[in-house]
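The block underneath contains the structure these notes are about, expressed in structure tokens.
Quick note: the coordinates plus some simple rules give every number you see, no bench work behind them. Please read these numbers as outputs of a predicted model, since none were measured by experiment. Cβ placement follows ideal geometry from the backbone for every residue including glycine, while neighbour counts extend to all protein chains displayed.
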Amino acid sequence: MAERPSPSSAPAFAAIIVAAGQGLRAGQPVPKQFALWRGKPVLRHSVEALLEQGAQRIVIAIPEGGENLAEAALSGLDRVETVLGGETRQLSVLRALESLADEAPDSVLIHDAARPDLPEEVTARLLAALGNHEGAIPVLPVIDSLAVDRNGMMDGTGDRETLKRVQTPQAFRFASILTAHREWKGEPIAGDDAQVLRAAGQSVAMVAGHERLAKLTFAEDFMPMTPPVRTGLGYDVHRLVAGEELWLGGIQIEHDKGLSGHSDADVALHALTDALLGAIGDGDIGSHFPPSDPQWKGARSSQFLEHAAKLVAAQGYAVGNIDLTIICEEPKIGPHRPVMRQRIADLLGVDIDRVSVKATTTERLGFTGRGEGIAAQAVATLIRN
């Protein structure tokens, strides 16, 4: 493998981006190269990357009728121009090459717009390889076993050690790839430009590609990326009054006072519910169970926590762990901690080792120290399923 050249020694290059297809399989309202992906049109991602990596000029082959979409996607970018693509990918590339022929750069990178995430290290490896070869392509190993398909039946295997997955951009000495395209014989339906160069009898080197160069193809490729871990914080307070049952951490505790509220006022489960809702960005307990709604009068707070857990699951997450702290002078929480942990674990559908219940006092300070109420705070960590 060639060493990555420093920015000062990296050769100047031009680039072509093939963006002339319709891309309808991706299920977007516009061709996928103009659809939004991670906050920008797909096409703009690779254009910006190539400009940052040193492209002196970029020509983009666009579909007929796509002029306005291209203009919007490329607004404000310099050293970028467009040409109308041809009936096939190969013809689109030829038109873009011809538009560069007036200046004839030493080298050119030819890239598919549907691969928006372009690591600089791949570009560097490709350009370095052109020092000894007419062309270079990024490749990845074939990981799975291969089978020959004969009418739906396995008929032999393939040797994955000698096969590679080919990506773009592909790099070429400009004069060589232009000549190869001009002299192509037969239908212009080559799968990529390396095949065109090989057909002209020239060598094509392989360099290490990158998984980030994955091609956007289907609707799920455009789904918003969700973080692998999310965290929410919950806090709640309720007043202690005589004549009420004391529900805390999902269990009833014998005490001379209970917590006052519209529901059973389980301050611990309320804090946990808010922590879960906060982690998925879905409001708070009051927005889901308004105290003004009579149906929640005296309701068990376990309903609220189970509801929040279902919303978490619906967004593709599971509870990684929760950490609950109950703040009060009385009652003593220690004797009830194991039962609380198990009850909360049951409500969330997780193992008990994912549930932490702690207690503390405020050293007789404040409303909790005076025995006027109980507070609770909770942190919930969610992991993506």
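A full extension of the chain between SER292 and ARG198 corresponds to an added length of 26.4 nm, given 0.36 nm per residue minus the alpha carbon distance. For ARG239 and ASP351, a Förster radius of 45 Å and the Cβ-Cβ distance give a FRET efficiency of 0.85, rounded to the nearest 0.05.
Within the stretch 212-312, the GluC sites (Glu not before Pro) that combine a DSSP coil assignment with at most 10 other C-beta atoms in a 10 angstrom radius are GLU254.
For trypsin sites (Lys or Arg not before Pro), the sites in the stretch 303-385 that DSSP calls loop and that have at most 16 other Cβ atoms within 10 Å are LYS332, ARG364, ARG370.
Between GLU48 and ALA219, the simple spin-label model (points 7 angstrom out along Cα→Cβ) gives 2.7 nm.
When the Cα positions of MET340, GLY258, THR231 are compared along the charge dipole of the stretch 229-384, THR231 comes out farthest toward the positive end, with charges on each C-beta of Lys, Arg, Asp and Glu.
Quick check for the stretch 229-384: number of Lys pairs with alpha-carbon distance under 22 Å, counting only pairs 8 or more apart or on different chains?
5
According to the calculation over all Cα-Cα pairs in the stretch 102-191, the P(r) per 10 Å bin from zero is 14, 33, 32, 17, 4, 0 %. Kirkwood radius and radius of gyration were both taken over the C-alpha atoms of the stretch 13-222, and their ratio Rg/Rh is 0.97.
Highest mean packing first, where packing is the average number of other Cβ atoms within 10 Å per residue, the peptides 100-112, 69-81 line up as 100-112, 69-81. Of the trypsin sites (Lys or Arg not before Pro) found in the stretch 256-301, those that fall in a DSSP loop while having at most 16 other beta-carbon atoms within 10 Å are LYS297, ARG300.
Normalised by the residues of the chain, what does the relative contact order come to in percent, with Cα pairs under 8 Å and at least six apart? List each step's numbers first, then the result.
Working: 793 pairs, mean separation 55.8, N = 385.
Normalised by residue count, the contact order of the chain is 14 percent.
Quotient of the Cα radius of gyration of the chain and 2.2 N^0.38 Å, N being its number of residues: 1.47.
For the stretch 163-214, the Stokes-Einstein estimate of translational diffusion at 10 °C and a viscosity of 1.306 mPa s comes to 131 µm²/s, using the Kirkwood hydrodynamic radius over alpha-carbon pairs.
A simple charge model with +1 on the Cβ of Lys and Arg, -1 on the Cβ of Asp and Glu and nothing else charged puts the dipole of the stretch 257-298 at about 180 debye relative to its Cα centre.
In terms of Cα to Cα distance under 25 Å, which lysines are near enough to LYS40, apart from those fewer than 8 places away along the same chain? Leaving aside lysines fewer than 8 places away in the same chain, those within reach of LYS40 are LYS32, LYS215. Give the aspartates and glutamates reachable from LYS164 as a straight Cα distance under 12 Å; neighbours fewer than 8 places away on the same chain don't count. Cross-link targets: ASP144.
Overall, the chain carries a charge dipole of about 300 debye about its Cα centre when +1 sits on the Cβ of Lys and Arg and -1 on the Cβ of Asp and Glu, all other atoms neutral. Measuring how big the stretch 261-385 is from its alpha-carbon positions, Rg and Dmax come out at 14.6, 44 Å. Which of the listed residues, ALA73, VAL93, GLN22, is farthest toward the dipole's positive end in the chain, when Lys, Arg count +1 and Asp, Glu count -1 at the beta-carbon? Sorting the options by dipole projection puts first VAL93. Hey, how many Å between the Cα centroid of the stretch 50-77 and the Cα centroid of the stretch 321-385? Computed from Cα coordinates, the inter-centre distance equals 56 Å.
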